[in-house]
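Step one of this worksheet: look at the structure below.
The values are calculated or read from the model by the stated rules, or taken from the named source; none is laboratory data. What you see is a predicted model, and the numbers here were worked out from it, not measured in a lab. FYI the Cβ positions are ideal-geometry reconstructions off the backbone, even for glycines, and counts take in every protein chain you see.
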């Protein structure tokens with residue numbers, strides 16, 4: 001095939017090679033990464049006040065609030081933030097039937113999950129609080145298909 005001559009009024013521009021475009025894009029990306037790396041290294045960020053960085057998790061607790069119904073995790077977090085003491089509570093997620101999964105945290109090494117549950121049960125706005133523990137069978141599972149007689 002023969003190449004057509006450019007039409008009058010239009011100039012023919014040579015195309016940039018793909019390698020040249022990729023090299024320029026790579027150099028620009030490297031420059032941006034270098035700049036962002038310099039800024040991150042120059043500032044040391046301290047954790048915000050009240051952060052959980054030094055706290056240890058005591059465990060998860062299933063909590064149900066008394067009416068009015070709590071539908072938003074922000075509202076549940078505000079209610080739990082009002083509880084005073086060395087143990088703090090962080091909303092993990094909502095569960096079914098109005099139950100919230102809450103994590104108890106504390107910087108104290110002697111704090112226990114039972115103390116956290118007792119603290120929640122003593123709070124007027126909490127209806128129920130039960131530790132979320134792994135339930136295991138109380139007897140061995142049968143080795144055959146036949147179930148043992150009870």
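Going by the structure shown, is residue 57 at pLDDT below 90, surrounded by 10 or more Cβ atoms within 10 Å (Cβ to Cβ), closer than 30 Å to residue 115 by Cβ and out of contact with any helix residue (DSSP H, G or I) (no Cβ under 8 Å at 6 or more places or on another chain)?
Against the criterion (at pLDDT below 90, surrounded by 10 or more Cβ atoms within 10 Å (Cβ to Cβ), closer than 30 Å to residue 115 by Cβ and out of contact with any helix residue (DSSP H, G or I) (no Cβ under 8 Å at 6 or more places or on another chain)), residue 57 qualifies.
Name the residues in the range 85-129 that are free of Cβ contacts under 8 Å to residues at least 40 places away in the same chain, in contact with a strand residue (DSSP E or B) (Cβ under 6 Å, 6 or more places away or on another chain) and not in a strand (DSSP E or B), would you?
86, 87, 95, 98, 121
Kindly check whether there is at least one residue in the range 110-121 that is touching a helix residue (DSSP H, G or I) at 6+ places or on another chain (Cβ under 7 Å), at pLDDT 90 or above and surrounded by 10 or more Cβ atoms within 10 Å (Cβ to Cβ).
no
Within the range 74-90, how many residues turn out to be more than 15 Å from residue 125 (Cα to Cα), surrounded by 13 or more Cβ atoms within 10 Å (Cβ to Cβ) and within 16 Å of the chain's Cα centre (by Cα)?
1
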